[in-house]
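This report concerns only the one structure given below.
What follows is calculated from the coordinates using simple rules that are stated; it is not laboratory data. Computed from a predicted model, the values in this text were never measured in an experiment. Note that each Cβ is placed from the backbone with ideal geometry, even for glycine, and that neighbours are counted across all protein chains shown.
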Amino acid sequence: MKFGKGAWLLLAAVLLLGLWVMWQYNWLVSIDEDVNRAWADVEWQYQRRADLIPNVVETVRWFADQESKVFTDVVEARAKATQTNIDISDPSSIAAFEQAQGNVTSALSRLLVTVENYPDLKSNENFLALQVELEGTENRIAVARWRYNEVVTEYAKKVRTFPANIAAKIFWFENREQFEAEEWTEVAPVVDFGADEE
């Protein structure tokens, strides 16, 4: 069977289209995996913080047994945060995870305010080392979240721009949610070391 010039052109066009779709698909998969990796980095930093919390709480507790509510809040917030299951393709799942992590941050802030009432604790080498480690972890969390948002932005550009969006729709690639600041983070906290907590 002999093919005409038109048949060869059609075959070449179909082949080129197939190669283009394959290239787009592979590129989308690559960016999708970058998003997954960036999310894993975020989770790892949150886990690092969760692992530090028991040491901070025990060190502070040793100095300040009467502040048991603060300790309980920190431990409970940590437990809830580590038990939150997350599906990064589900916006409500990310929101629940972020709320749990926000509760940990809030409880840790109250714990560190409590520390101010104990000068001996503030000069304790073990506590100081843990505090530096915790502060470093908070910075790492911020960096990991920033990197995640950068990768998600790159992924969103690819999924939404023409002609890659055609391949994205064919293979069900959908946008991913970015981290957003909690509503309460827009207002700077007021710390008053002279006020009694209720």
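With the dipole of the stretch 1-61 worked out from charges on the C-beta (+1 for Lys and Arg, -1 for Asp and Glu) around the Cα centre, which of Ala38, Leu15, Ala50 lies farthest toward the positive end?
Leu15
Can you list the HN-Hα couplings for the stretch 101-106, worked out from phi with the Karplus curve (6.51, -1.76, 1.60; θ = phi - 60°), rounded to whole Hz and with x for Gly and Pro?
Values per residue, Gly and Pro as x: 5, x, 5, 5, 4, 5 Hz.
Please order Glu125, Glu98 by the number of other Cβ within 10 Å, starting at the fewest.
Final ranking by Cβ density, sparse to dense: Glu125, Glu98.
If you rank Leu111, Leu11 by fewest surrounding Cβ atoms within 10 Å, what's the result?
Neighbour counts put them in this order, fewest first: Leu11, Leu111.
Could you list Lys80, Lys158, Lys169 so that the one with the fewest beta carbons within 10 Å of its beta carbon is first and the one with the most is last?
Ordered by Cβ neighbours within 10 Å, fewest first: Lys169, Lys80, Lys158.
For Thr161 and Trp44 in one chain, what is 0.36 nm times their gap in residues minus the Cα-Cα distance, to one decimal in nm?
That pair, Thr161 and Trp44, stretches by 39.0 nm at full extension.
Starting at the first residue of the stretch 43-49, write each ³J(HN,Hα) from the Karplus equation 6.51 cos²θ - 1.76 cosθ + 1.60 with θ = phi - 60°, in whole Hz, x for Gly and Pro.
4, 4, 5, 5, 5, 4, 5
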